Amino acid sequence: MTCIILSGGSSRRAGGLNKAFLTIEGETFIERKIRQFTPLFDELVVVVREPEPYRHLPALIVADQVPGQGPLMGLCTGLKKSSSDINFVTTVDSPYMNPELTAALAN
């Protein structure tokens, strides 16, 4: 199963700050999500506006196919890049997702 992490938003409500790189408890939102979800899934696909700031991360980083079209377009991009028939989708700006609950949902 693949986990698709949507991180391609424009962050209008966050004043233009890239929410993926906000920090919590010493790590960025995206680092936290990847750390928590790597053991749960066979593959992680992170859909972003601009791939370059994410290149150091241990996940498949893909540019939103049509930027600025919202989360459904990000989902389409992630599904095209996924190698799985079954996918779990989440957003980068939910740093308090419970990994145990996520595992239960995924199973």
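The values are calculated or read from the model by the stated rules, or taken from the named source; none is laboratory data. Bear in mind the structure is a predicted one, so any value in this text is a computation, not a measurement. When we count neighbours, we look across all protein chains shown, and the Cβ atoms used for this are built from the backbone with ideal geometry, even at glycine.
Just a few scattered comments:
- Residue list for the range 42-89, restricted to those being within 24 Å of Asn107 (Cβ to Cβ) and aromatic (Phe, Trp, Tyr): Phe88
- Consider the range 88-104 and keep the residues that are over 9 Å from the mean Cα position of the chain (by Cα) and in a loop (DSSP other than H, G, I, E, B). The one that is nearest to Pro71 (Cα to Cα) is Ser94.
- Tally, over the range 46-81, of residues that are in a strand (DSSP E or B) and more than 13 Å from Ile30 (Cα to Cα): 2
- Close pairs (9 angstrom Cβ cut-off, 6 or more residues apart or separate chains): among the aromatic types (Phe, Trp, Tyr) in the range 1-24, modelled with pLDDT of 65 or more and crowded, with 20+ Cβ neighbours inside 10 Å anywhere: Phe21/Phe29; Phe21/Ile30
- Residues located in the range 64-97, provided they are over 16 Å from Ile5 (Cβ atoms) and at pLDDT below 90: Val66, Pro67, Gly68, Gln69
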